[in-house]
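Peer 1: Structure provided below as C-alpha cells; questions to follow.
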Amino acid sequence: MTRRLRIRHTTHVSYAQAAVSSHNEVRMTPLTLPGQTTLDARVTISPTATTWSYWDYWGTQVTGFELMDPHADLTITASSLVETSPPGELPPAPTWDEVAGHTANSRLLEFLTPTARTTVPAKLVRKARKAVAGLDPHETAVAVSSLVADRVAYLPGTTGVTTSAAEAWDQGAGVCQDIAHVTIALLRGLGLPTRYVSGYLHPEREAELHRPVAGQSHAWIEYWAGDWCGYDPTNRNRADESHVVVGRGRDYDDVTPHKGVYRGVAGGPPEVTVEFTRVA
C-alpha cells in the first residue's frame, strides 16, 4: 500500500565553549527513486546560515553550510515529505557466474571491495560460505543476514559510530549500522556486491494518520542480483514502503548524516531526534 510520510530529523550540537567557526555537511534529504518520491524537502540551520547543495559521488544529495561567527549551539532540522510504495517482485536470481561476469570491470567492484569498516577475518567468510552452500544470490543474502542477526544482538549503546564489523561480531551486540556492516562484509566476501543504505524506518507500520511517532535513523543493505535488491538484516525482511532511502555507499562513512569540523573546545555528543507522521 502506498503511503505518505512526513519526516522531521533534528540534530542539536552544544559546545563546551562557543565554537569560533564550523564547516558542515548534511546528508538527510531522501532520494527520489522507483517506489519512492520526495515531494518536499528542506534543511534549516540555527544560527541562520547560507546553504548550498550538490550530489556526491555516490548519488546522495548533500547540503553544505558554514558558520563563521562564534556560536554556542548548532541545530540542524531536515524536514521532508515522502511517498513510498511496496517493493516489486525480485528479479530472477542470476547464477554466481553471471554475478561475477557483471561485476568484472564495472562499478560493482566498488561494492565488492572491503573497507576498514567492512573487513572481517577469513574464518568468518568461510563460516558463511559453508552456511550458504548451494544457495542462489537471493537466498544467500537472506541466509547471511539471518546468520548475522543471530550472532549480533540489537542492543543500543554497546557500540559507537567507529565500531567495525569485526568488532561488532566479536562483541555479539550492536545496532542496525553494525548489523549492516557485518552482513555487507560477509556478502562481499562471498562475491556478492553489496552496499550500505542510510535512511529511515517508520517504527509503526499501521500508525494512525497525522499522529507523530518518535523514531530514528536506520541502516540496511542492498545487494546486486541482476538489480539492486534491498534487505533489512536487523528486522529480517525486505526493505519495503516503511523504509525511506537517503543515501547509499560502501559503508557508513560514505553516507554520514552530519559531519564537519569546528574551531573550539570539544563538546558532548549531538542530540538527535527523528519524528514520523503518516499523512496518507
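Peer 1: Can you tell me the orientation of helix 122-131 relative to the chain, as the angle in degrees between its alpha-carbon axis and the longest Cα principal axis, to the nearest 10?
Peer 2: Relative to the chain, helix 122-131 is tipped by roughly 60 degrees.
Peer 1: Starting from the range 136-243, pick out the GluC sites (Glu not before Pro) whose DSSP state is loop and whose Cβ has at most 10 other Cβ atoms within 10 Å.
Peer 2: Sites meeting the loop and neighbour criteria: E206, E208.
Peer 1: (1) 18.0, 55; (2) 19.3, 56; (3) 19.3, 61: which one is Rg and Dmax of the Cα atoms in Å as calculated from this entry?
Peer 2: So the calculated entry is the one marked (3).
Peer 1: Another one. What value, in deg cm²/dmol to 500, does the helix sum -39500 (n - 2.57) over DSSP H runs of n ≥ 4 give at 222 nm once divided by the residues of the chain?
Peer 2: Computed ellipticity for the chain at 222 nm equals -6000 deg cm²/dmol.
Peer 1: Could you give me the ³J(HN,Hα) list for the range 106-116, computed from phi with Karplus coefficients 6.51, -1.76, 1.60 and θ = phi - 60°, whole Hz, x at Gly and Pro?
Peer 2: After applying 6.51 cos²θ - 1.76 cosθ + 1.60, I find 10, 5, 4, 4, 5, 9, 10, 8, x, 10, 4 Hz.
Peer 1: Okay, next question. Taking the Cα centre of the range 41-188 as origin and charging only Cβ (+1 Lys, Arg; -1 Asp, Glu), how large is the dipole, in debye to the nearest 20?
Peer 2: I would put it at about 560 debye.
Peer 1: Then there is this: Counting only residues 5 or more places away or on other chains, whose amide H sits under 5 Å from the amide H of D251 once H atoms are built in the peptide plane?
Peer 2: The list, which skips near neighbours in sequence, is Y196.
Peer 1: Another question, if that's okay. At a threshold of 8 angstrom on Cα-Cα distance, excluding pairs fewer than six apart, so keeping six or more, what relative contact order does the chain reach in percent?
Peer 2: 30
Peer 1: Please identify every one of the GluC sites (Glu not before Pro) in the range 58-113 that sits in a loop by DSSP and has no more than 14 other beta carbons within 10 Å of its own beta carbon.
Peer 2: E89
Peer 1: Kindly list the residues of the range 197-241 that lie in the label zone of A153, defined by a backbone N under 17 Å from the point 7 Å along the Cα-to-C-beta vector.
Peer 2: Backbone N within reach: 234-235.
Peer 1: Which whole-number percent gives the relative contact order of the range 167-275, counting Cα pairs below 8 Å spaced six or more residues apart?
Peer 2: Here the relative contact order equals 29 percent.
Peer 1: Further, regarding this structure: Express the accessible area of the chain per residue in Å², computed with a 1.4 Å probe while the remaining protein chains stay in the model.
Peer 2: 47
Peer 1: Would you mind getting me the FRET efficiency between R107 and T37? Use the beta-carbon distance for r and R0 = 35 Å, nearest 0.05.
Peer 2: The pair R107/T37 has a calculated efficiency of 0.90.
Peer 1: Okay, moving on. Is the shape of the range 44-121 best called rounded, prolate or oblate, per the rule: a/c under 1.5 gives rounded, else a/b larger than b/c gives prolate, else oblate, with a ≥ b ≥ c the square roots of the Cα gyration tensor eigenvalues?
Peer 2: Prolate, since a/c reaches 1.5 and a/b exceeds b/c.
Peer 1: On full extension of the chain, what length is gained from E139 through D69, given 0.36 nm per residue of separation minus the C-alpha to C-alpha distance?
Peer 2: Separation in residues times 0.36 nm, less the Cα-Cα distance, equals 19.8 nm.
Peer 1: Additional query: Using a 1.4 angstrom probe and counting only protein chains, how large is the accessible area of S53 in Å², to 10?
Peer 2: That residue has around 70 Å² of solvent-accessible surface.
Peer 1: Rounded, prolate or oblate: pick one for the range 1-133, where a ≥ b ≥ c are the square roots of the eigenvalues of its C-alpha gyration tensor, a/c under 1.5 means rounded, and failing that, prolate if a/b is larger than b/c, else oblate.
Peer 2: It comes out prolate by the Cα gyration axes.
Peer 1: Continuing with the same structure: Where does each of M28, M1 land when they are ordered by accessible area, with a 1.4 Å probe and the largest first?
Peer 2: Greatest to least solvent exposure: M1, M28.
Peer 1: Okay, next question. For the range 168-229, would you read off the P(r) tail past 16 Å as a percentage of all alpha carbon pairs?
Peer 2: Counting every Cα pair in the range 168-229, those more than 16 Å apart make up 57 percent.
Peer 1: So which trypsin sites (Lys or Arg not before Pro) in the range 126-235 end up in coil per DSSP with only 13 or fewer other C-beta atoms within 10 Å?
Peer 2: Sites meeting the loop and neighbour criteria: R205.
Peer 1: Mind giving me the nanometre distance, one decimal, between the label points for T51 and S85, set 7 Å out from Cα along Cα→Cβ?
Peer 2: Going by the 7 Å Cα→Cβ label model, 2.8 nm.
Peer 1: Taking a probe of 1.4 angstrom, what is the accessible area of L31 in Å², to the nearest 10?
Peer 2: Accessible area, nearest 10 Å²: 10 Å².
The values are calculated or read from the model by the stated rules, or taken from the named source; none is laboratory data. Nothing here was measured: the structure is a model prediction, and the numbers come from that model. Here the Cβ is made from the backbone with ideal geometry for all residues, glycine too, and neighbour counts use every protein chain on show. Accessible surface is based on the protein model in full, side chains and every heavy atom, while ligands, DNA and RNA are left aside. Shrake-Rupley method; radii C 1.70, N 1.55, O 1.52, S 1.80 Å.
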